[in-house]
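One structure below.
No lab work stands behind these numbers, since they all come straight from the coordinates. Nothing here was measured: the structure is a model prediction, and the numbers come from that model. Using ideal geometry, Cβ is built from the backbone for each residue, glycine included, and neighbour counts are taken over all protein chains shown.
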Amino acid sequence: MKVVCLSFWYYDYTIQLANSIAKHVDKLMLLLPSCTPKEYLDGVIKNGSLELYCFTHPKRYVHRKLLVSIKEILRKIKDFNPDLIHIQASNPLICLLLPLIKRRFPVITELHDLRPHVGEESFFYEMVLSFSRKYSDKIIVHGQRMKEELVREFGINGNKVSSIILAEHEVKPFLKYCKGDGVQEDNNTILFFGRIVKYKGLRYLIEAEGIITKEIPDAKIIIAGNGDLRKAVGDDLIKMLKKKSFIVINRFIPYSEGAKLFQKCSLVVLPYIEGSQSGVIYPAYAFKKPVVVTDVGSLPEIVDNGITGFVVAPRDSKALAEKIILLLENWKLRKKMGENAYKKLKTDLSWDKISKEIVKIYEETLRDFKTVP
């Protein structure tokens, strides 16, 4: 079997996908944009099975340059002549590519979201998702809830959709800077990590601060990530961030700094009000940290409630605070949950397991494609 993996983004995930799938197929061509950072490209395992090609990617969407990129990608696909193409839905260029590719090759598209997140509404992303639904032979989503919603809300045939939990990713770049036992946990430290946007529900963690510090006066909440804080949490709560219990690092966090934050924290909190899944859970698990997440999207399919962390209702600051307090007050529970989280990362969420499931989808897609008159 010959496979093309094409992506304009999701660099670490796509590269790990390609590295793993290449072990199970005859040939794999990984197509990534020329803007892919070198630190990611260094992770590509190039050998007899895997070939990497970085296509020209315009910094600005100028008409002529777009056509150059499209022609370049189509030429590489034609020369490689794959049995199927696996695409990560992420870029408007896909809307031009999909109708052309679909004429000749079976297409599997991976949807990381079903719709733009709250506060990140985008006509172009809506268009990408719409074209992906229309021009794909098979669709992969990351969780049974996502599959059910895709079938229910968008009228997609359930046989066309496969649910596969998002595999381990965004872990190696952090672990590269891990100093083993050299960085000790700071007692009673809560970490919110990643882009600061409205759908991540940061305001509910801020509201929970008063309940938490009433029980644990020295508790610290670290908010680390880039984004518009005022837009994300609202004018009514922005002043609270000046309290001594908050440590705000409102900028892009490099992996070297992120590794220290994960090592130092007691637990990681994802108070999302909506979402599909989250790449933050994986490094938390890698650093053996329990998580407190909300019951949205596929998060409960990644977090085993009471085992690797806790799952609470969204928009419920009190419930969020109660689980955080429980973990901060119980070191043995945190330790046990952290160990469970790491074990889950290396078993249920491992690429060894999930790549085999993806290859089965490839085989099903080829069988279905060949039987279509």
Burial ranking of peptide ranges 133-142, 267-276 (average Cβ count within 10 Å, highest at the top): 267-276, 133-142
Relative contact order, percent, region 10-96 [alpha-carbon distance under 8 Å, six or more residues apart]: 26
Sequence ranges 188-196, 223-231, 256-264, 284-292, ranked by mean other-Cβ count within 10 angstrom, highest first: 284-292, 188-196, 256-264, 223-231
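Based on the alpha-carbon set only, what is the convex hull volume of region 216-373 divided per residue, in Å³?
On the way: hull volume 25.0 nm³, N = 158.
Taking only Cα atoms, region 216-373 has a hull volume of 159 Å³ per residue.
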Relative contact order (percent, whole number), the chain, Cα cutoff 8 Å, 6+ residue spacing: 15
Dipole magnitude of region 1-155, debye to nearest 20 (Cβ charges: Lys/Arg +1, Asp/Glu -1, about Cα centre): 680
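Go ahead and run the numbers for FRET between Lys78 and Asp218, Cβ-Cβ distance against an R0 of 51 Å, rounding to 0.05.
In this case the efficiency is close to 0.20.
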Sum of -39500 (n - 2.57) over DSSP H runs of 4+, divided by residues of the chain (222 nm, nearest 500): -13000 deg cm²/dmol
Neighbour net charge for Gly158 - beta-carbon separation under 11 angstrom, K R +1, D E -1: +2
Percentage relative contact order, region 298-373, counting C-alpha pairs under 8 Å, at least six apart: 23
Additional length obtainable on full extension of the chain from Lys102 to Ile70, 0.36 nm per residue less Cα span: 10.1 nm
Approximate spin-label separation Tyr53-Lys336, in nm, with each point projected 7 Å along Cα-to-Cβ: 5.4
Ile45-Ile249 pseudo-label distance in nm [points 7 Å out on the Cα-to-Cβ vector]: 3.1
Rg/Rh (Cα only; Kirkwood hydrodynamic radius) as it applies to region 329-373: 1.43
Formal net charge of residues neighbouring Gly48 (Cβ-Cβ distance under 12 Å; K, R +1; D, E -1): +1
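Stretched out fully, how many nm does the piece from Glu357 to Lys134 gain, at 0.36 nm a residue minus the Cα gap?
Numbers: separation 223, 0.36 × 223 = 80.28 nm, distance 2.34 nm.
The span from Glu357 to Lys134 would gain 77.9 nm if fully extended.
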Calculated Rg and Dmax of region 50-159 using C-alpha coordinates, Å: 14.8, 41
C-alpha long axis of helix 351-371 to longest principal axis of the chain, angle in °: 30
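Rg/Rh for region 1-101 to two decimals, with Rh computed the Kirkwood way over all alpha-carbon pairs.
0.94
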Charge dipole magnitude, Cβ of K and R +1, D and E -1 - region 172-270, Cα centre, debye nearest 20: 380
Paramagnetic label zone (point 7 Å from Cα along Cα-to-C-beta, Asn226; backbone N under 18 Å) in region 255-271: 255-259
Angle in degrees between helix 255-264 and the longest Cα principal axis of the chain, rounded to the nearest 10: 40
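Taking 0.36 nm per residue of separation and subtracting the Cα-Cα distance, what length does fully extending Lys172 through Glu148 add?
Numbers: separation 24, 0.36 × 24 = 8.64 nm, distance 3.17 nm.
Taking 0.36 nm per residue and subtracting the Cα distance, the gain is 5.5 nm.
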Most positive-pole-ward Cα, Gly275, Leu261, Gly227, against dipole of the chain from beta carbon charges: Gly227
Electrostatic dipole magnitude of the chain [Cβ: Lys, Arg +1; Asp, Glu -1; Cα centre; debye, to 20]: 820
Paramagnetic reach from Glu120 in region 1-26 [backbone N under 16 Å; point 7 Å along Cα→Cβ]: 8-14
Charge tally in the Cβ shell below 14 Å around Leu129, where Lys, Arg are +1 and Asp, Glu are -1, Leu129 excluded: -4
Sequence-distant residues sharing a close amide H with Glu51 (under 5 Å, placed H): Leu28, Met29, Leu30
